[in-house]
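Any read-out appearing in this document is the output of simple, stated calculations on the displayed coordinates, not a laboratory observation. Because the structure is a prediction, the values reported are computed rather than measured. All Cβ positions, even for glycine, are placed from backbone atoms using ideal geometry, and neighbour counts span all protein chains on display.
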Amino acid sequence: MKLGLLGSQIQHSLSPALYREFLGESLESYALFDCSSVAEIPKLTDLAQRLDGLSITAPYKTHFLPDVSFQDSVIEKLGGINCISFSDRFWATNTDYLALKTLLPETLKKYPDHDIFLLGDGVMARITVTILNDLRIDFHSLSRKIHGPLENIDLQDKSSKPLLIINACSRKFIFQGRVPADSVFWDYNYSFRSHSETLPDLFKTYIDGQELLRRQALAAITFWRETNPKLKC
């Protein structure tokens with residue numbers, strides 16, 4: 001299987017090692033397309049000559065939307081993709097959604113009495129809102145477009161319950177706000193030192209995004225194999 005990752009400032013990515021772990025010798029190659037601007041992004045037709053599957057990370061999860069096809073209407077309505085299969089057509093999905101469909105309920109069960117605050121208004125936030133609404137779980141959504149900068153937001157007295165803060169913002173966002181000492185911070189970002197080295201002192205529990213990353217990768221492998229006949233085994 002020939003795979004690649006498209007994004008900006010992705011040299012830190014754990015994806016190459018993760019796919020080698022999951023695929024072993026089945027992984028022929030893994031290419032990084034580190035593009036600092038939209039102008040640098042290769043065309044899908046060119047990528048299809050090199051790859052069986054492509055993963056996409058911020059800030060390009062909407063770039064190929066006009067060029068892809070979907071098998072799932074729910075994912076099509078999310079307005080962002082992070083996985084493309086090069087087969088009879090450019091099939092697309094969102095493995096963030098597929099991974100969070102299982103991981104989000106599991107995490108919420110661990111913190112049943114927490115008041116949920118979701119940070120962000122991008123694709124990851126929209127996915128989280130979709131799943132929380134499907135689960136009929138109440139939450140507070142904090143958007144920079146509506147509430148202004150969230151970096152220093154004060155949540156100290158926002159609830160009588162401990163907080164579960166879900167960070168759906170990109171790695172450009174660094175949380176430095178005030179929270180109750182018994183709060184939990186779930187970071188969708190992984191190995192993000194600006195958070196992992198400071199937030200464990202601020203929160204009772206800090207959850208790194210590595211488990212989300214692993215489930216995204218497994219969902220992507222399943223998707224590529226299901227949509228590309230030559231990859232089925």
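A few notes on this one:
- Lysine pairs within the stretch 68-185, Cα separation less than 18 Å, 8 or more sequence positions apart or different chains: 6
- Here the simple spin-label model places points 7 Å from the Cα toward Cβ, and for THR45 and GLU106 these points are separated by 4.2 nm.
- Over the stretch 97-212, the fraction of Cα-Cα pairs per 10 Å bin, rounded to whole percents and listed from the shortest bin up, is 13, 52, 34, 1.
- Long-range amide H partners of CYS83 with built H, under 5 Å: ILE56, THR93, THR95
- Of the options [x] 18.2, 56; [y] 17.2, 51; [z] 19.5, 65, only one is Rg and Dmax of the Cα atoms in Å as computed from these coordinates, and that is [x].
- Average Cα contact separation per residue, the stretch 97-212, under 8 Å, 6 or more apart, as relative contact order %: 24 percent
- The HN-Hα couplings worked out from phi for the stretch 145-159 by the Karplus form 6.51 cos²θ - 1.76 cosθ + 1.60 (θ = phi - 60°) are 5, 9, 9, x, x, 9, 4, 10, 5, 9, 10, 4, 10, 7, 7 Hz, whole numbers, x standing for Gly and Pro.
- When only Cα pairs below 8 angstrom with a gap of at least 6 residues are kept, the chain shows a relative contact order of 16 percent.
- Model label points for LYS77 and ARG193, set 7 angstrom from Cα along the Cα-to-Cβ axis, are 4.3 nm apart.
- Cα-projected label distance for LYS204 with GLN11, points at 7 Å along beta-carbon direction, nm: 4.1 nm
- Relative contact order computed over the stretch 3-85 (Cα-Cα under 8 Å; 6+ residues apart), in percent: 37 percent
- Sequentially through the stretch 123-128, phi angles give Karplus couplings (6.51, -1.76, 1.60; θ = phi - 60°) of 4, 4, 5, 5, 4, 5 Hz, Gly and Pro residues having no value and appearing as x.
- Close amide H pairs (under 5 Å, H built 1.01 Å from N) link ILE207 with PHE185, TRP186, ASP187, residues at least 5 positions away or on another chain.
- With the cut-off at under 12 Å, measuring from each backbone N in the stretch 104-127 to a point 7 Å along the Cα-to-Cβ line of GLU211 picks out 104-111.
- Those residues of the stretch 138-166 whose amide nitrogen sits under 17 Å from the label point placed on THR62, 7 Å along Cα→Cβ: 143-146
- Mean ellipticity per residue at 222 nm, deg cm²/dmol - from DSSP H runs of n ≥ 4 across the chain, formula -39500 (n - 2.57): -9500 deg cm²/dmol
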